[in-house]
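Below is one structure, written out as structure tokens; the observations come after it.
The values are calculated or read from the model by the stated rules, or taken from the named source; none is laboratory data. Since the structure is predicted, the reported quantities are computational estimates derived from the model, not experimental observations. Every residue, glycine among them, receives a Cβ derived from its backbone with ideal geometry; neighbour counts consider all protein chains shown. Just the protein is used for accessible areas: all its heavy atoms, side chains included, with ligands, DNA and RNA removed. Shrake-Rupley method; radii C 1.70, N 1.55, O 1.52, S 1.80 Å.
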Amino acid sequence: MKRSVDRRRVYHKRDRLKQLRAFGHAARLESATRAAKYLEISQPAVSLQIRELEHELEALLFERRGPKITLTPAGERLYAIAMPLIASMDRISETFAGGFEESVSHTLRIAAGPSATAFVLPPYLRRFREEFPETRLWVKNALVREALKLLAVREADFVMGADEPVSREFSFHPAFAYRHVLIAPENHPLAGRQAVDIEEATRYPAIVPPSETYLRQPEFSAARRFVAEATVAMTTSGWGVIKHCVQAGLGIAVIPSMCLTVRDRLSVVPLREERGELTYGIFTRSDKASLPRSAERFIRMMIPDFPERA
């Protein structure tokens, strides 16, 4: 007996990659509209491909609440299985070029937090450009949790940020230690002190970042306590902006020590409540074989003992 062919099922299988890409990028971006923009297709086309995939798998992949979509347990399982394939297909041309990277110009993609982008990376970027002018540089300013999403789908070659718990998908490589310190105008009553405690510092007008800046730090951290208890004169984003406001005499602030430069006209005072040093470094994918040679070269400028790929 001749078996009939379900042409609808054959059609779905032929378009499976399109369906998975629509699903994967909608999940990553938490929006079918943003996925459509990324894929350069229409939003209805993305929604149709996701619905077809749900129909064939007989599973609901997203919970839809207004414009935002979140993965169901079935969607999370499919995302974990499919996203490595999607990322590989999206970067197939670069992967192919990687075999000829000594002779083919390509782009090094770095995702980094605001502190690294503004204060840590520039001298290394300049040095890298001098040594490898054929490599284009792409730097994305993003918080670590957002930057790791780019790394997961290989839209970034590595991420630079403060150490924090992450999944086994990523590895952290320490680059340097830092502390939080109090900064004040040079004529401020606290200027020149050997150390200051949070209780005393909070008596003076302060310039603080948005409260969510330190949500991932322990509740007892000196920086988080200062923001919570400060006599707030101004709230603003960006350590460079905060430093300029302190220099202008608008208040005192607590900032990461790595954001200081020799050009700053500030008094820097250690915090007595600061418990030990924090670590800043590089996040890579755990499957180190996927790390481009250019990324290895850049990382080794910052971490000389970073292991070389076999």
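State whether one or more residues within segment 54-65 are crowded, with 16+ Cβ neighbours inside 10 Å and in a helix (DSSP H, G or I).
Looking through segment 54-65, at least one residue is crowded, with 16+ Cβ neighbours inside 10 Å and in a helix (DSSP H, G or I).
Considering only residues of segment 105-130 that are in a helix (DSSP H, G or I) and free of Cβ contacts under 8 Å to residues at least 40 places away in the same chain, which is least open to solvent (accessible area, probe 1.4 Å)?
Top of the filtered list is Leu121.
Out of (1) over 19 Å from Ala118 (Cβ atoms); (2) touching an Asp or Glu at 6+ places or on another chain (Cβ under 9 Å); (3) charged (D, E, K, R), the odd one out for Glu200 is which?
Condition not satisfied by Glu200: (2).
Yes/no matrix, rows are residues, columns are (1) loosely packed, with under 15 Cβ neighbours inside 10 Å; (2) modelled with pLDDT of 80 or more; (3) assigned to a strand (DSSP E or B):
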| position | (1), (2), (3) |
| --- | --- |
| Arg3 | yes, no, no |
| Val10 | yes, no, no |
| Leu17 | yes, yes, no |
| Ala22 | no, yes, no |
| Arg34 | no, yes, no |
| Tyr38 | no, yes, no |
| Pro44 | yes, yes, no |
| Arg51 | yes, yes, no |
| Gly75 | no, yes, no |
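Cβ contacts < 6 Å: first residue more than 11 Å from Phe283 (Cα to Cα) and open to solvent by less than 50 Å² (accessible area, probe 1.4 Å), restricted to segment 164-189; second residue part of a loop (DSSP other than H, G, I, E, B) and not β-branched (Val, Ile, Thr), any location; separation 6+ or different chain. Result?
These pairs meet every condition: His180/Glu274; Ile183/Leu266; Ala184/Leu190; Ala184/Ala191; Pro185/Gly249.
Name the residues in segment 220-265 that are over 20 Å from Gly161 (Cβ atoms), open to solvent by 70 Å² or more (accessible area, probe 1.4 Å) and among the polar types (S, T, N, Q), would you?
Within segment 220-265, just Thr235 meets the criteria.
Would you list the helices (runs of 4 or more DSSP H) that sit entirely within segment 139-230 and hold 2 or more residues that are among the basic types (Lys, Arg)?
Helices (runs of 4 or more DSSP H) meeting the threshold: 144-152, 222-229.
Please count how many residues of segment 268-289 are of a type in the set (Ser, Thr, Tyr) and buried (at least 19 other Cβ atoms within 10 Å of the Cβ).
Number of matching residues: 2.
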